[in-house]
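Novice: Have a look at this one before I ask anything.
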Amino acid sequence: MPVPPAPKRRRRWPWVAGAVALVLVLGAVAVPLYQRLTRPTPTEQVQSALAALEHAPAIRLTGESITAEGTPQRISLSLAGKRAYGQARGSAGSADVLVQHGVTYLRGDRAWWRTADETTALYLSGHWTAQTSGLSVDPTELTQTGLAKYLGKGLRANADPDAHAKPAGAGYPSVLGSTAVTPYRLPNGSVVFVTAASPYTLVGIDRAPGAADGGYLDLTVATVGKDSFTSRFAKLAGGVHGDPTTPAHYVYHDRPKQGTCDPYSCTESVRLVADGGDTGRAGHVVGFYSSDAAGKHIVGTCSAKLPKIRPNHSARVSCTTRSQSWQRWVATGASTHYWVWIQPLDPGYVGDHPNQVINVFTAGVDASDMGPDDIVLQSEDALAVTDHLIAADAWKGRAAVDAVHAICDAGALGVLQPLIMAGHVQLDQDGFGDWFNDEHVSAAVAAKEHAAAGSTKLALGSWQDPNDRTVKADLIDISAKTTVTTGRVTTTRRTRGDIEQAADRARAGAVPDGFGRQLRIAAGPGSALYWSSAADVAAGLRAAGVTSAMLHGIRRIRVVTGFGTATLTPNQLRK
């Protein structure tokens with residue numbers, strides 16, 4: 001008997017698979033839709049982040065401030081409530097920062113005080129002090145509660161759109177470090193970076209409180225452990241014992257009194273008075289004998305040790321010249337009249353270097369033109385640079401003094417002093433004093449960077465090439481055959497214009513054969529570009545409308561942001 005065929009079974013799996021696929025598709029659509037519908041609004045995200053900030057046990061703030069004059073400073077502060085510690089780093093030097101009991105203390109190194117206040121560098125360097133010269137932020141304003149209150153001002157989750165947090169725009173990055181963030185603009189004008197996913201925390205602040213008048217401050221925010229904060233704070237606070245004693249200033253109480261003068265020597269004396277400062281340092285007075293009332297023609301010099309004087313007391317000191325110039329002048333018989341200046345040197349400020357002071361005055365500085373308050377006579381570092389320009393670079397005294405005045409007035413002594421003393425940077429004797437001002441500090445900083453990279457022959461402002469042609473630029477790197485033009489991106493809207501302007505300035509100057517032009521652009525805290533990492537700079541420039549055509553004739557552009565430094569060629573800006 002034949003075997004009947006097996007009945008055919010209906011295959012149901014395609015329908016099952018289709019149903020499963022449909023569920024997956026619906027889930028893929030529904031879940032993100034649900035997340036979007038239930039995701040807190042930007043305002044709620046920011047409010048949640050500010051609440052977390054206010055209740056954090058301790059936080060660390062890191063960023064950059066810029067003063068109204070355009071001077072940048074890196075800031076790193078750890079804080080818990082009204083206590084804080086950290087460091088500030090300027091264009092030269094750094095200072096430890098401590099806040100306790102509402103008072104801010106600094107402990108700056110020598111380079112910090114050279115920049116902040118040249119007169120204090122000798123006695124404040126390495127010591128805690130309540131003097132906050134050079135610090136561009138007020139740390140007492142940077143508390144968790146103060147930050148949350150400042151950023152939350154006017155922020156409301158209501159029907160008024162002006163009270164809402166809003167997307168800051170494409171110019172701001174969506175990643176800070178390795179953290180995905182969302183940038184929001186607040187009603188008070190600040191931009192905050194909030195983590196892209198819950199729990200929402202604050203990662204960065206564009207335009208934070210605490211900057212000096214007219215300044216700008218950008219900060220990143222991170223949470224730190226309370227125990228770690230407490231341990232480090234206690235260690236630093238234990239070293240604060242009040243300000244160092246201010247050194248004494250010395251002045252002469254009466255006119256010089258003539259002693260014995262003959263063809264071989266001459267002695268004059270004055271009564272010196274010390275103020276209430278510390279008189280324990282050894283020092284000297286120097287004297288200048290001149291054949292004219294203006295002190296133009298020095299015919300004799302002298303130096304003598306400062307007498308021991310108690311604070312707010314006086315003593316007489318004699319100074320005798322036995323110099324050959326005195327003997328030659330007397331031998332001429334031209335006149336028996338002379339004028340004398342006896343200058344006490346304040347050793348707590350200018351150190352004990354009488355020969356350097358004599359070198360300055362005998363190199364063409366009129367004795368009547370330089371008073372005791374002149375920065376060259378009140379700063380050991382300013383005096384050293386002046387003497388170096390005269391002794392090592394064969395400058396005239398007046399030109400050297402004018403150059404140092406310009407450097408100190410611009411706050412650039414901390415940057416330039418080591419470069420000048422090492423012979424790495426050349427200055428134009430005829431024009432530097434008139435040319436250099438605070439607008440050229442960025443060129444001094446660029447010189448420091450190039451010297452650190454190995455360049456040993458640099459010039460600021462101008463340089464005579466081997467063909468005796470004058471090359472003018474902010475910085476000429478003779479070692480690397482490069483002229484450098486500096487610029488700053490001040491705001492997001494000005495990114496393209498600021499860079500275009502710097503490129504135009506660079507092309508306006510002729511370069512010697514074999515040299516190339518370079519731009520050094522600093523992205524200021526007021527610009528979105530500041531928040532770019534080195535890898536994102538090219539994209540940020542392209543987004544701002546900067547093109548390779550704008551940079552024709554430029555070999556490289558170096559961009560310094562708050563998160564790195566990128567060196568690009570114009571071709572890298574092609575889309």
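Novice: Please report, as a whole percent, how much of the solvent-accessible surface of the range 191-241 comes from carbon and sulfur atoms (probe radius 1.4 Å).
Specialist: Answer for the range 191-241: carbon and sulfur cover 52 percent of the accessible area.
Novice: So, one more: Evaluate the Kirkwood expression for the hydrodynamic radius of the chain, namely the inverse of the mean inverse distance over all pairs of different C-alpha atoms, and round to one decimal in Å.
Specialist: One decimal place: 28.2 Å for the Kirkwood radius.
Novice: What FRET efficiency comes out for the pair residue 398/residue 542, r = Cβ-Cβ distance, R0 = 56 Å, nearest 0.05?
Specialist: It comes out at approximately 0.65.
Novice: Listed highest first by mean packing, meaning other Cβ atoms within 10 Å per residue, what order do 110-123, 278-291 come in?
Specialist: Descending mean neighbour count gives 110-123, 278-291.
Novice: Related question: For the pair residue 158 and residue 479, what calculated FRET efficiency results from E = 1/(1 + (r/R0)^6), where r is the Cβ-Cβ distance and R0 = 60 Å, to the nearest 0.05?
Specialist: That pair, residue 479 with residue 158, gives E of 0.45.
Novice: Right, next: Which FRET efficiency value, to the nearest 0.05, is calculated for residue 258 and residue 449 with the Förster distance at 60 angstrom and r the Cβ-Cβ distance? Can you show the working numbers first?
Specialist: Details: r = 55 Å, r/R0 = 0.92.
The pair residue 258/residue 449 has a calculated efficiency of 0.60.
Novice: Separate question: Taking θ = phi - 60°, what integer Hz values does the Karplus form 6.51 cos²θ - 1.76 cosθ + 1.60 yield along the range 62-74, in sequence order, with x for Gly and Pro?
Specialist: 9, x, 9, 10, 9, 7, 4, 7, x, 8, x, 8, 8
Novice: Would you work out which of 451, 283, 418 lies farthest towards the positive end of the dipole of the chain? Charges go on Cβ: Lys and Arg +1, Asp and Glu -1.
Specialist: Looking along the dipole axis, the top candidate is 451.
Novice: Follow-up. Report, in listed order, any pair from 448/481; 448/472; 448/575; 396/481 with a Cα-Cα distance greater than 22 Å.
Specialist: Distance filter (> 22 Å) returns 448/575; 396/481.
Novice: Another question about this same structure. Using θ = phi - 60° and the Karplus form 6.51 cos²θ - 1.76 cosθ + 1.60, what ³J(HN,Hα) does each residue of the range 241-258 get, whole Hz, x for Gly and Pro?
Specialist: 10, x, 6, x, 5, 5, x, 6, 9, 10, 9, 8, 7, 9, 6, x, 10, 6
Novice: Compute the separation of the alpha-carbon centres of the range 121-183 and the range 222-293 and state it in Å as a whole number.
Specialist: Each part's Cα centre sits 40 Å from the other's.
Novice: For the range 308-373, just the Cα atoms, rotate onto the principal axes and tell me the three extents in Å, largest first.
Specialist: 44, 25, 19
Novice: What are the residues whose amide H is under 5 Å from the amide H of residue 278, where those residues sit 5 or more places off or on another chain and H is modelled from the backbone?
Specialist: Placed amide hydrogens put 246, 248 under 5 Å from residue 278.
Novice: For every helix of n ≥ 4 consecutive DSSP H residues, a contribution of -39,500 (n - 2.57) applies; sum these over the chain, divide by its total residues, and give [θ] at 222 nm rounded to the nearest 500 deg cm²/dmol.
Specialist: Mean residue ellipticity at 222 nm (helix-derived): -8500 deg cm²/dmol.
Novice: Work out the count of Lys pairs in the range 218-375 where the Cα-Cα distance is under 24 Å, with the pair 8 or more places apart or on different chains.
Specialist: Lysine pair count for the range 218-375: 4.
Novice: Ok, one more. At a 10 angstrom cut-off on C-beta neighbours, averaged per residue, how do the peptides 433-439, 91-97, 377-383, 222-228 rank from highest to lowest?
Specialist: The most tightly packed comes first, giving 377-383, 91-97, 433-439, 222-228.
Novice: If Rh is defined by the Kirkwood formula over all Cα pairs and Rg also comes from Cα, what ratio Rg/Rh do you get for the range 402-507?
Specialist: 0.97
Novice: Let me know the Rg and Dmax you get for the range 386-449 when you use only its Cα atoms, in Å.
Specialist: 10.6, 30
Novice: For the range 65-89 and the range 489-552, what is the separation of their Cα centres, given in Å?
Specialist: The range 65-89 and the range 489-552 have Cα centres separated by 27 Å.
Novice: Which stretch or stretches of the range 504-528 have amide N atoms under 16 Å from the point lying 7 Å from residue 465's Cα along the Cα→Cβ direction?
Specialist: 506-518
Novice: Now, a different point. Between residue 574 and residue 213, what is the label-point separation in nm under the 7 Å Cα-to-beta-carbon projection?
Specialist: Each label point lies 7 Å from its Cα, and together they span 5.2 nm.
Novice: Between 502, 260, 127, whose Cα lies farthest towards the positive end of the dipole of the chain when Lys and Arg beta carbons carry +1 and Asp and Glu beta carbons carry -1, centred on the Cα centre?
Specialist: Positive-most Cα among the choices belongs to 502.
Novice: While we're on this one: What is the packing order of peptides 64-74, 447-457, taking the mean over residues of other C-beta atoms within 10 Å and listing the highest first?
Specialist: Those peptides, ordered most packed to least, come out 64-74, 447-457.
Novice: Another question, then. Write out the cysteines belonging to the chain for which the nearest other cysteine Cβ is not under 4.7 Å, or none if no such cysteine exists.
Specialist: So, 408.
Novice: Checking understanding here: applying a Kyte-Doolittle mean of at least -0.5 and a length along the axis of at least 24 Å (C-alpha), which whole DSSP H helices in the chain pass? Don't skip to the end; give the middle numbers.
Specialist: Working: long enough: 13-38 (36 Å, 1.44).
Within the chain the helices that satisfy the rule are 13-38.
Novice: Moving on to the next point. What is the extension gain from residue 55 to residue 174, computed as 0.36 nm multiplied by their sequence separation minus the C-alpha to C-alpha distance, in nm to one decimal?
Specialist: Computed gain between residue 55 and residue 174 is 40.3 nm.
The values are calculated or read from the model by the stated rules, or taken from the named source; none is laboratory data. All figures in this text were calculated on a predicted structure; none of them were measured in a lab. Ideal geometry is used to build each Cβ from the backbone, glycine not excepted, and the neighbour counts take in all protein chains shown. These area figures cover heavy atoms from the full protein model, side chains too; ligands, DNA and RNA do not enter into them. Shrake-Rupley method; radii C 1.70, N 1.55, O 1.52, S 1.80 Å.
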